[in-house]
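The block underneath contains the structure these notes are about, expressed in structure tokens.
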Amino acid sequence: MSTNPDPASPLPVPDYGVPADQALSRARDFARAMTRRRSVREFSDRPVPDGVLAEALRAAASAPSGANVQPWRFVVVTDPGLKRRLRAAAEAEERVFYERRAPEEWLAALAPLGTDASKPFLETAPAVIVVFEVHRGPRTPRPYYVKESVGIAVGFLLAALHHAGLATLTHTPSPMRFLNELLDRPAEERGYLIIPVGYPADGAGVPDLARKPLSEVVVWR
């Protein structure tokens, strides 16, 4: 939240501190680093320092949000027993999804990824970050643009974790109502995303997929 006692008197814009002649090289370096990020499903048991997670979450919490309400909550799960229960609950939803809920077109789109209802990464990853949207409730003001705001924060989080040398995966079992009871969260919080975090296991692989070229996703006018 802002520490400015008088919102009508704006604070000065922070010094971005990047000389103009370095802007392109810095942008290129960041793009190259981010294009090396891949979703990982096989994690080693190497622990992740709490301090690294905390700094990545600090970056996520600095994201812009509608009316600066900051409608997000991050629950960091490292307890082995709780991760085991999280996996069991998520897999129960996923079995129903793969067997009954998912349309054939969706299953066909997932086929190249080789995914199924088994989600061992929820237990093997040393840390799992569960992201919640925070909606209006007894203790929270009315938020604006919740999904958009939380999505931006998650983007910050994934970039920060990747920058720290950590692998991640975005997992979205549907529905996610089980997360509230499992993690003791109030009704105004709604599950948004589950992010296993850690280091890739020895021999871990990723699907041979290609990104769309910039010319296909960007329009200049």
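The values are calculated or read from the model by the stated rules, or taken from the named source; none is laboratory data. Keep in mind it's a predicted model, so treat the numbers as computed, not measured. Because the Cβ atoms are built from the backbone with ideal geometry, glycine has one as well, and the counts that use them run over all protein chains shown.
Details
- Check on residue 72, surrounded by 18 or more Cβ atoms within 10 Å (Cβ to Cβ) and either at negative phi or among the small types (Gly, Ala, Ser) (or both): yes
- Scanning the range 194-221 for residues that are under 16 Å from residue 42 (Cα atoms), touching a residue at least 12 places away in the same chain (Cβ under 8 Å) and not small (Gly, Ala, Ser) gives 194, 195, 196, 197, 199, 200, 202, 206, 207.
- Beta carbons closer than 6 Å, at least 6 apart along the sequence or on distinct chains, pair a first residue in the range 42-63 that is within 14 Å of residue 197 (Cα to Cα) with a second that is of a type in the set (Ser, Thr, Tyr) for 43/124; 44/199; 46/199.
- Of the listed requirements (1) within 30 Å of residue 152 (Cβ to Cβ); (2) not in a helix (DSSP H, G or I), residue 110 misses just one: (2).
- In the range 166-176, the count of residues that are more than 30 Å from residue 96 (Cα to Cα) and at pLDDT 95 or above is one or more.
- The condition of being of a type outside the set (A, V, I, L, M) and over 24 Å from residue 33 (Cα atoms) holds for only one of 207, 120, that being 120.
- Any chance residue 197 is of a type in the set (A, V, I, L, M), within 17 Å of the chain's Cα centre (by Cα), surrounded by 14 or more Cβ atoms within 10 Å (Cβ to Cβ) and closer than 24 Å to residue 101 by Cβ: no
- Filtered by the rule that a residue be farther than 24 Å from residue 85 by Cα and outside any helix (DSSP H, G or I), the range 95-107 gives a lone residue, 103.
- Only a single item in (1) surrounded by 13 or more Cβ atoms within 10 Å (Cβ to Cβ); (2) touching a Phe, Trp or Tyr at 6+ places or on another chain (Cβ under 9 Å) is not met by residue 37, and it is number (2).
- In the range 88-99, the residues that are under 8 Å from residue 174 (Cα atoms) reach residues that are modelled with pLDDT of 95 or more and assigned to a helix (DSSP H, G or I) with C-beta atoms within less than 8 angstrom, at least six apart or across chains, in these pairs: 93/178.
- If you filter the range 97-125 down to residues that are surrounded by 15 or more Cβ atoms within 10 Å (Cβ to Cβ) and aliphatic (A, V, I, L, M), you find that the one that is farthest from residue 205 (Cα to Cα) is 102.
- The set of residues in the range 68-84 that are at pLDDT 95 or above and of a type in the set (Val, Ile, Thr) comprises 75, 76, 77, 78.
- Only a single criterion out of (1) touching a residue at least 24 places away in the same chain (Cβ under 8 Å); (2) over 20 Å from the mean Cα position of the chain (by Cα) is not satisfied by residue 111, namely (1).
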